[in-house]
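The values are calculated or read from the model by the stated rules, or taken from the named source; none is laboratory data. All values reported here derive from a predicted model rather than from experimental measurement. Glycine also receives a Cβ, built like all others from the backbone with ideal geometry; neighbour counts cover every protein chain displayed. Accessible surface areas use protein heavy atoms only, side chains included; no ligands, DNA or RNA. Shrake-Rupley method; radii C 1.70, N 1.55, O 1.52, S 1.80 Å.
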Amino acid sequence: MPVESGSSAAARQAKQKRKSHSLSIRRTNSTEQDRSGLQRDMLEGQDSKLPLSLRSNLLDLFSQIEREFENLYIENLELRREIETLNDRLAADGQTFEGADLAKGALKTKASHSTSQLSQKLKTTYKASTSKIVSSFKATTSRAVCQLVREYVGHRDGIWDLSVTRTQPVVLGTASADHSAMLWSIETGKCLLKYMGHQGSVNSIKFHPTEQMALTASGDQTAHIWRYMVQLPTPQPVADISQTPCEDDVDFSDKDEADGEVEGSNDCPSVRVATTTLRSHQGVVIAADWLVGGKQVVTASWDRAANLYDVETSELVHSLTGHDQELTHCCTHPTQRLVVTSSRDTTFRLWDFRDPSIHSVNVFQGHTDTVTSAVFTVGDNVVSGSDDRTVKVWDLKNMRSPIATIRTDSAVNRISVSVNQKIIALPHDNRQVRLFDMSGVRLARLPRSNRQGHRRMVCCSAWCEDNTSCNLFTCGFDRQAIGWNINIPALLQEK
């Protein structure tokens, strides 16, 4: 009589178990019908606001789900038994199934290698994330010093924008909702000149790269170019208002200043006539900037368009259309003919004018709310801020996705990036100003209390690398601009 081999015996045993498994399923189905009928009778006796038909359908669905899980559970038990049987047979007949053992060993080695790779990847990601978090905590508790140097008070309404001249004499410019723009002495805080040529809110101010000219955008649907001549007063000793580590101060008071008339700008000389008036927009002109070289300017408007003008002739060169909603900001590259425009349609667009015959445009969708500003850095980066409470850093060479994302607790307004240290200053709706590096690590928060700091929404920030006393300026709807001295050790900026 022939002897049955081990493999055929195992196959026959598995076949018998599958038959018994099918019989158990049939028995389960028959008992399920009785069970569902019993449960339906129980539900009919319970109080419920659901219709009986709906309750019955729900019961049928739950019964089907329960049967599926029960079948899977039975199959799992059967498979476990088969695995145990095969393991015992492989242990008893090692030479008979030598190939199977080798295959099993190869699979085990491969699985172990894959598991090791996955484990290493998870460890690396965890360490990187943890390191970033620890770096943030280290930065906020560091010895970085933020000193409030001077307050510039004189506007009668909120200040939307501010900028620092690129030529001598170095002065601070502010644009206000009180229909005026002012030039200030950085060292003394005194108003040097007041421009009053607009009929609406002055929404932005930018200075010519080489000449003493200013460009302002206004709610009167125009942009003005005007010349200025100022003489700096004799510097006075700087009073040590505060020298506080950049940490989260407690807000002791939210008391606002009196709404009376502000002194300090009444004796300031004024200019009322623009050298050039740019008219083409059909809505509020929210921002404007000079292209590299200063021979052309770009304006952004609520009419969903950005216009490129020739400064000498005041003629419209190009109308940049494509945004679906109002524009919020525009910025030009410091060394190349590139323009970036921001919009309420949650996008910002990069316009390339380096080739006179081809004007390309790229649309970037990385935010979920209004993009309040997007600015260039000296290198190949664009930094965008949004009402979705995030700031994103992009690489111009590959802008499919941001290289860093900063998440905050408040909407972000017009940001700025320092040229030398590459620090991003974030002005917030919640009256705070935070500093981050380009990799997204938080470096500091400017102090704010009842003695110093902004008391209303902070609208804009601007860096000044050439000034020794103040290297960061902020402005807000508390009608004042503030000059800060920021000293962040190089160690904190290392990754």
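Here are a few things to note about the model shown:
- Members of region 273-330 found to be within 15 Å of Trp351 (Cβ to Cβ), of a type in the set (A, V, I, L, M) and touching a residue at least 40 places away in the same chain (Cβ under 8 Å), listed by number: Ala287, Ala288, Leu291, Val292, Val297, Val298, Ala300, Ala306, Leu308, Leu320, Leu327
- Against the conditions (1) over 21 Å from Met457 (Cα atoms); (2) part of a loop (DSSP other than H, G, I, E, B); (3) among the basic types (Lys, Arg), Lys194 satisfies every one except (2).
- Residues (among the polar types (S, T, N, Q) and assigned to a strand (DSSP E or B)) located in region 459-490: Ser461, Thr474, Gln480, Asn485, Asn487
Here is a yes/no grid of residues against (1) open to solvent by 10 Å² or more (accessible area, probe 1.4 Å); (2) at pLDDT below 95:
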{"position": "Ser418", "(1), (2)": "no, yes"}
{"position": "His428", "(1), (2)": "no, no"}
{"position": "Asn450", "(1), (2)": "yes, yes"}
{"position": "Cys460", "(1), (2)": "no, no"}
{"position": "Cys475", "(1), (2)": "no, no"}
{"position": "Leu491", "(1), (2)": "yes, yes"}
{"position": "Lys495", "(1), (2)": "yes, yes"}
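- When restricted to residues that are more than 21 Å from Ala274 (Cα to Cα) and either buried (at least 18 other Cβ atoms within 10 Å of the Cβ) or among the basic types (Lys, Arg) (or both), region 154-180 contains 3.
- Here region 402-440 is the region considered, the condition is being part of a strand (DSSP E or B) and among the small types (Gly, Ala, Ser), and the residue that is farthest from Cys330 (Cα to Cα) is Ala404.
- Val250 modelled with pLDDT under 80, crowded, with 16+ Cβ neighbours inside 10 Å, out of contact with any helix residue (DSSP H, G or I) (no Cβ under 8 Å at 6 or more places or on another chain) and farther than 23 Å from Ser469 by Cα: no
- Selection over region 389-401 of residues that are surrounded by fewer than 18 Cβ atoms within 10 Å (Cβ to Cβ) and in a strand (DSSP E or B) gives a count of 2.
- Evaluation of Arg456 against the conditions (1) open to solvent by less than 10 Å² (accessible area, probe 1.4 Å); (2) of a type outside the set (Ser, Thr, Tyr); (3) in contact with a Phe, Trp or Tyr (Cβ under 9 Å, 6 or more places away or on another chain); (4) in a loop (DSSP other than H, G, I, E, B) shows that the sole unmet condition is (1).
- Residue match in region 285-298 (condition: more than 21 Å from Thr165 (Cα to Cα), over 25 Å from the mean Cα position of the chain (by Cα), open to solvent by less than 20 Å² (accessible area, probe 1.4 Å) and not hydroxyl-bearing (Ser, Thr, Tyr)): no
- Residues (under 20 Å from Ser201 (Cα atoms) and of a type outside the set (Gly, Ala, Ser)) located in region 291-312: Val297, Val298, Thr299, Trp302, Asp303, Arg304, Asn307
- In region 401-423, the residues that are within 21 Å of Ile488 (Cβ to Cβ) reach residues that are outside any loop (DSSP other than H, G, I, E, B) and aromatic (Phe, Trp, Tyr) with C-beta atoms within less than 6 angstrom, at least six apart or across chains, in these pairs: Ile406/Phe436; Ser416/Trp463; Ser418/Trp463.
- Residue within region 295-307 that is assigned to a strand (DSSP E or B), more than 20 Å from Ser386 (Cβ to Cβ), out of contact with any helix residue (DSSP H, G or I) (no Cβ under 6 Å at 6 or more places or on another chain) and among the hydroxyl-bearing types (Ser, Thr, Tyr) present: yes
- Filter result (hydroxyl-bearing (Ser, Thr, Tyr) and either out of contact with any Lys or Arg (no Cβ under 7 Å at 6 or more places or on another chain) or at pLDDT below 95 (or both)) within region 184-238: Ser185, Thr188, Tyr195, Ser201, Ser204, Thr210, Thr216, Ser218, Tyr228, Thr234
- Enumerated strands (runs of 3 or more DSSP E) restricted to region 349-388, each holding at least 2 residues that are free of Cβ contacts under 8 Å to residues at least 40 places away in the same chain, more than 19 Å from Ser418 (Cα to Cα) and within 21 Å of the chain's Cα centre (by Cα): 358-364
- Residue tally, condition outside any strand (DSSP E or B), within 18 Å of Thr368 (Cα to Cα) and of a type outside the set (S, T, N, Q), over region 323-348: 5
- Tallying residues that are open to solvent by 50 Å² or more (accessible area, probe 1.4 Å) and farther than 13 Å from Thr277 by Cα within region 304-325 yields 7.
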